[in-house]
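> Got a structure here, written out as structure tokens. Questions coming.
The values are calculated or read from the model by the stated rules, or taken from the named source; none is laboratory data. These numbers come from a predicted model, not from an experiment. FYI the Cβ positions are ideal-geometry reconstructions off the backbone, even for glycines, and counts take in every protein chain you see.
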Amino acid sequence: MKDLIRMKTSLSEEIEALLNNQVKLEAKSSSIYLAMASFCDQLGFENSSEFFFEQAEEERVHMLKIFKYIGDAGGNPVSPEVTDIPQEFGNFRGTYESALEQEIEVTKAINKIVSAAYKEGDHATANFLQWFISEQQEEEFTARKRLELFDVIGTDGIGSYMIDQKIPEIGPPPAEPGA
Amino acid sequence: MLILSNKAAYVTLFQTEKGRVIQDDHAHQFILEFGGKKSFFKVQEFLQFKKSIDNLNLQDLFLGEGPGVDIQIIHHTGSEHLFVFTLCELIGIKELLSGAATMIELNRILNDRLLSIVF
Ligand SMILES: [Fe+2]
Ligand SMILES: [Fe+2]
């Protein structure tokens, strides 16, 4: 008797559900970043607004990447329904705190899928997600760096303005020599 | 009972008094016999059909009030299937599908462990 489901798709029901859940999470991240862009714009922080707008686009690309992977693996990708998007984040600093918290949640979710994939011997999915592991490492690193600006510069006087000026300078950690 | 040889085109995966689920190896489809009706499912359709049945909360349906709660309509765009089930039939179909799913999973394990050329 043939294994018809395996012939149709390399994804187990569980992995497909976890990946579809991740599609939703990336879509939600995208929408939240968009809300942050609007919030920062209202506060008058142009660089931050622009930064969050770019993040929103990045998260959408992440979503599409996973969406396409599910389809290519023979699975059934589901276009996500995104609801309950917060529209304000307390204050300037609070916005960056929420951004870091959100990235940590995404990292946890990715780790969970990778663990499940290895447990099932689904190395293709685990391998596919390696890119996301590195991406999350970088995202958390830079999110912490941005938050550090608030401690280093402070928000008194023109502090907030200075922080906003510094935002575009924050980049990923320098590559190790020879890497 | 499961037949391991690749020659059998039709294998009954699971059977109850209410109906049965058959796997058709040649046409790569599942056949559901239920309530005197025979329905053919492509693999993806079958998985989706099972998902929608699983997503129905029978307890809620039983406790629900008002017209229409004792009738459930299952339909997927992109497939010609349209089912109208009473609550009683839903229980029967749920049992049938979960039995079939177990046999599909068992077959997958057998394929992996016994029939694979990779050990
Ligand atoms: Fe992401
Ligand atoms: Fe991110």
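> Could you please give the count of residues in the stretch A:149-160 that are at negative phi and exposed (fewer than 14 other Cβ atoms within 10 Å of the Cβ)?
4
> Right, something else. Looking only at residues in the stretch A:125-147 that are in contact with a Phe, Trp or Tyr (Cβ under 9 Å, 6 or more places away or on another chain) and farther than 14 Å from A:H62 by Cα, which one is nearest to ligand 2 (Cβ to nearest atom)?
Ranking the qualifying residues of the stretch A:125-147, first place goes to A:A143.
> Here is a list of conditions, (1) of a type outside the set (G, A, S); (2) assigned to a helix (DSSP H, G or I); (3) within 16 Å of ligand 2 (Cβ to nearest atom), and A:V82 meets all of them except one; can you say which number that is?
Condition not satisfied by A:V82: (2).
> Filter the stretch A:1-20 for residues that are surrounded by fewer than 22 Cβ atoms within 10 Å (Cβ to Cβ) and either within 16 Å of ligand 2 (Cβ to nearest atom) or at pLDDT below 95 (or both) and give the result.
Matches in the stretch A:1-20: A:K2, A:D3, A:L4, A:R6, A:M7, A:K8, A:T9, A:S10, A:S12, A:E13, A:E14.
> Let me ask something else about it. Quick one: is A:M36 within 11 Å of ligand 1 (Cβ to nearest atom) and either in contact (Cβ under 8 Å) with a residue 40 or more places away in the chain or within 24 Å of A:E169 (Cβ to Cβ) (or both)?
So A:M36 does not fit the description; no.
> Report yes if some residue within the stretch A:87-106 is free of Cβ contacts under 8 Å to residues at least 40 places away in the same chain, in a helix (DSSP H, G or I) and within 15 Å of ligand 2 (Cβ to nearest atom); otherwise report no.
Within the stretch A:87-106, one or more residues are free of Cβ contacts under 8 Å to residues at least 40 places away in the same chain, in a helix (DSSP H, G or I) and within 15 Å of ligand 2 (Cβ to nearest atom).
> Please go through the stretch B:25-46 and give me each residue that is at pLDDT 90 or above, outside any loop (DSSP other than H, G, I, E, B) and at the interface with chain A (Cβ under 9 Å from one of its Cβ atoms), ordered by number.
B:Q29, B:F30, B:K42, B:V43, B:F46, listed by residue number.
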